[in-house]
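Take a look at the structure set out below.
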Amino acid sequence: MEACREAASWNRLLRIAVNVSAAQFRRENLDAQVRKALGESGLSLAGLELEITEGVLIEDVLRAKKTMQSPRASAS
């Protein structure tokens, strides 16, 4: 959340990359947390990049894809 608030005050051409831990990724509400952080901070979806490890991706490819696309789908 704090990272989104800080990035919202930067030049709009910059993006912030946030590492998502395996534990955070496994939570069912990660997409809701991302949307909440964006909404409360005023940061646009285009200004945020989520990073996950290869291990998380390999563990469950379909869930990883769904989770990472969820905030984008709700922004449309």
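The values are calculated or read from the model by the stated rules, or taken from the named source; none is laboratory data. Remember, it's a predicted structure, so these values are computed and weren't measured experimentally. Calculation scope for accessible area: heavy atoms of the full protein, side chains included, ligands and nucleic acids excluded. Shrake-Rupley method; radii C 1.70, N 1.55, O 1.52, S 1.80 Å.
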Degrees between helix 61-75 axis and first principal axis of the chain (Cα, 0 to 90, nearest 10): 30 degrees
Nearest 10 degrees, 0 to 90: helix 30-41 Cα axis against the chain principal axis: 0 degrees
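Let me check against my output: what whole-number percent is the relative contact order of the chain, with C-alpha pairs under 8 Å and at least 6 apart?
Working: 74 pairs, mean separation 30.1, N = 76.
In percent, rounded to a whole number, it is 40.
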Estimated [θ] at 222 nm from DSSP helical runs (n ≥ 4, -39500 (n - 2.57)) normalised by residues in the chain, nearest 500: -16500 deg cm²/dmol
THR67 accessible area, 1.4 Å probe, all protein chains in place, Å² to nearest 10: 20 Å²
